[in-house]
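Only one structure is covered here, and it is reproduced in the block below.
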Amino acid sequence: MTVYGSLHSAFGPQHWWPATGSEEMIIGALLTQNTNWKNVEKALSNLRRNDLLSFHYIIKTPLSQLEKMIKPAGYFRQKSLRLKTLAETIIATGGLDSLDLLTTLELREWFLRQSGIGPETADSILLYAFKRPVFVIDAYTLRICRRHNWLNDKDNYRKAQEFFTRKLPLKVDIFNEFHALLVQIGKNFCRTKKPLCQECPLEPFL
């Protein structure tokens, strides 16, 4: 929690995930795979402008039109098909309210069974759309943890997730903020090449 406090003091509240509702958040989670958020924002803006930030409307939209809308996010053919399939599957199960009745483990397993959804995307959806206390691990988090010797190079996603779950109070708001704050460190200081360690708020913890 000392690390969390230092990051919160340095960056302030992050208000992540930037979405107006759970459906938009889930759509964004699929679009952000293998691209940066600026590209996702362009794709989301296209969808919003055409009133397509809804599973029902995505289902009704021809695949070719959906591809054009999300093209800025890259891999648009693959992502449009996955997005359409996921929207259809969620609606067929009774919608998000129906899925929300599942336990956290059941919900995670359900999303992991869907095409194109791996642990990071599934956990992002659980944390930000369903408000479940599941810590999201991404490349930034792993890099920071390894450089600070909180984890070793062989530790995988599950080990990293267990580390944060063990160290932090099991609270959605803390998991939410901490993950977003680590992303700020990864983007601005703990870079793959030429990290800015001396300027980093986490430098005292090295």
- Message: Any residue in the stretch 91-115 that is over 14 Å from Val134 (Cα atoms) sitting within a Cβ distance under 6 Å of a residue that is among the aromatic types (Phe, Trp, Tyr) and part of a helix (DSSP H, G or I)? List the pairs, counting only those 6 or more apart or interchain.
- Response: Ile91/Phe55
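This table checks each residue for (1) touching a Cys at 6+ places or on another chain (Cβ under 7 Å); (2) not assigned by TED's automatic domain parsing to the domain that holds Thr35.
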| site | (1), (2) |
| --- | --- |
| Asp123 | no, no |
| Ile144 | yes, yes |
| Asn152 | no, yes |
| Val172 | no, yes |
| Asn176 | no, yes |
| Leu182 | no, yes |
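Can you tell me which of Leu83, Leu66 is surrounded by 16 or more Cβ atoms within 10 Å (Cβ to Cβ) and either among the hydroxyl-bearing types (Ser, Thr, Tyr) or over 21 Å from the mean Cα position of the chain (by Cα) (or both)?
Numbers: Leu83 fails: either among the hydroxyl-bearing types (Ser, Thr, Tyr) or over 21 Å from the mean Cα position of the chain (by Cα) (or both).
Criteria check complete, one pass: Leu66.
Could you check how many residues of the stretch 89-99 are in a loop (DSSP other than H, G, I, E, B) and under 18 Å from the mean Cα position of the chain (by Cα)?
Filtering the stretch 89-99 for residues in a loop (DSSP other than H, G, I, E, B) gives 93-95.
Filter once more, keeping what is under 18 Å from the mean Cα position of the chain (by Cα): none.
Looking only at that region, the number is 0.
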- Complete set of residues in the stretch 27-41 that are surrounded by fewer than 17 Cβ atoms within 10 Å (Cβ to Cβ) and either in contact (Cβ under 8 Å) with a residue 12 or more places away in the chain or in contact with a helix residue (DSSP H, G or I) (Cβ under 7 Å, 6 or more places away or on another chain) (or both): Asn34, Thr35
- Please enumerate the residues belonging to the stretch 102-133 that are hydroxyl-bearing (Ser, Thr, Tyr) and not in a loop (DSSP other than H, G, I, E, B). Thr104, Thr121, Ser124, Tyr128
- Message: Of the residues Ser22, Ser45, Ser9, only one is surrounded by fewer than 17 Cβ atoms within 10 Å (Cβ to Cβ), among the small types (Gly, Ala, Ser) and modelled with pLDDT of 95 or more; which?
- Response: Ser45
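The values are calculated or read from the model by the stated rules, or taken from the named source; none is laboratory data. Quick caveat: nothing in here was measured; it's all calculated off a predicted structure. Cβ: placed from backbone, ideal geometry, glycine included. Neighbour counts: every protein chain shown.
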